[in-house]
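Nothing in this text is a laboratory measurement; each read-out follows from the coordinates by a stated rule. What you see is a predicted model; the values in this text were computed from it and never measured. Note: ideal-geometry Cβ built from the backbone for every residue, glycine included; neighbour counts use all protein chains shown.
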Amino acid sequence: MAETNNTVRVAFIGLGAMGQPMAGHLIDAKFDVSGFDLSPEARESLRSMGGRPAETIVGALQDADIAITMLPNGKIVREALLNENACDALKPNALIVDMSSSAPNDTRQLADLLASRGLRLIDAPVSGGVKRAIAGTLTIMVGGAGSDISEAEPLFSTMGGQVFKTGPVGSGHAMKAINNYVSGAGVLAAIEAVILGRAFGLEGETVVDILNSSSGKNNATEVKMKQFVLSETFASGFALGLMAKDIRIAADLAKALGLRLETLSGTADAWDSAQKALGPSEDHTRIFEYLKNLA
Ligand code: NAD
């Protein structure tokens, strides 16, 4: 175990592509980090970074002051915390920080339920992908009470660059879904641009270079198209199923608010169809192959 000089005990649940480097930054900052993941390899990686893996979630949560969840979705977060009353292992009045991309209305319900058990919840999803998780420069959008956010700020500063306060609990998760809608729509547009350009006889590289020097540029044209799509490496580290989930959360939110947003519902449907065709664990940039076949 790494030597710790920080009295705050942190439990990190979910040590996947994002959680592992994020937990690593906390360990480097000398927090006392216990952790749990269903995958034995992930638990072993926590040990090799100097953390304390546990064989059960209860073991990881035991007597922690702050628990961070970085799991595939909010339903899994809820089950992980509530099954066998796992969250009761935390210190009384402990703070839970859900950094996963979860559905905002479910997060509000979970916050109420945890409050009835004497626990506090804030939502702090992230953007920036695996690359910025490794660099410790994630954008973090946080919903919850100001005093709870202040308590988590020393942790956020080890994992992230910019931290935005978005409002009450659930608002960080709403903002994350909105961001991924714009990001996912950008990926679709950039890929269709290449398919269209190539069909007319343009080189894919030329299309991307000119978009990046013109008003059509977006995050996908700048950091995904050449790197993962044209190179056909499809290795961004962000799964297709996670992107489809996030955009569906945004579409469901619009529906719940009585909004008709045509591009959002079309984007959610496209990602859902691609997920069904290719499988949720493929890299999200592989949607290129689905769209190419469809075209
Ligand atoms: P991942 O699949 O790599 O990691 C998830 C981890 O959770 C896995 O290691 C899995 O074994 C573990 N897990 C699943 N159920 C569990 C349970 N009940 N108890 C303990 N562990 C469990 O996913 P990821 O890419 O690290 O994404 C995690 C979250 O971050 C998701 O909500 C995702 O939408 C979000 N996110 C991902 C990225 C990205 O680029 N990968 C970027 C921003 C946000």
Relative contact order (percent) for the chain, with alpha-carbon contacts under 8 angstrom and 6 or more residues of separation? 13 percent
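When Lys and Arg each count +1 and Asp and Glu each count -1, what net charge do the other residues less than 12 Å away from ALA190, Cβ to Cβ, add up to?
On the way: positive: LYS217, LYS224, LYS226; negative: GLU192, GLU222.
It works out to a net charge of +1.
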Region 49-100 and region 113-145: distance between their alpha carbon centers, rounded to Å: 13 Å
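Given R₀ = 35 Å, what would the calculated FRET efficiency be for GLU84 paired with SER157, taking r from the Cβ atoms and rounding to 0.05? Before the final figure, lay out the partial values.
Values: r = 33 Å, r/R0 = 0.95.
According to the calculation, E is roughly 0.55.
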Taking only the alpha-carbon atoms of region 174-294, the convex hull volume per residue, in cubic angstrom, is 104 Å³
Region 174-294: Lys pairs at Cα distance under 29 angstrom, eight or more positions apart or on different chains: 22
GNM, the chain, Cα, under 10 Å: largest mean-square fluctuation among LEU90, LEU46, LEU261? LEU261
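Loop only by DSSP, 15 or fewer other Cβ within 10 Å of the Cβ. Give me the GluC sites (Glu not before Pro) in region 36-112 that pass, ordered by residue number. Each step should come with its number before you reach the end.
On the way: sites: GLU41, GLU44, GLU55, GLU79, GLU84; in loops: GLU55.
For GluC sites (Glu not before Pro) across region 36-112 that sit outside H, G, I, E and B with at most 15 neighbouring Cβ atoms in 10 Å, the list reads GLU55.
Local charge sum around LEU95 (other residues, Cβ-Cβ under 9 Å, Lys/Arg +1, Asp/Glu -1)? Display every interim value, and only then the final one.
On the way: positive: ARG120; negative: ASP65, ASP148, GLU151.
Taking every other residue near LEU95 into account, the sum is -2.
Given Cα positions, please report Rg to Rh for the chain, the hydrodynamic radius being the Kirkwood one.
Numbers: Rg = 19.8 Å, Rh = 19.8 Å.
Result for the chain is an Rg/Rh of 1.00.
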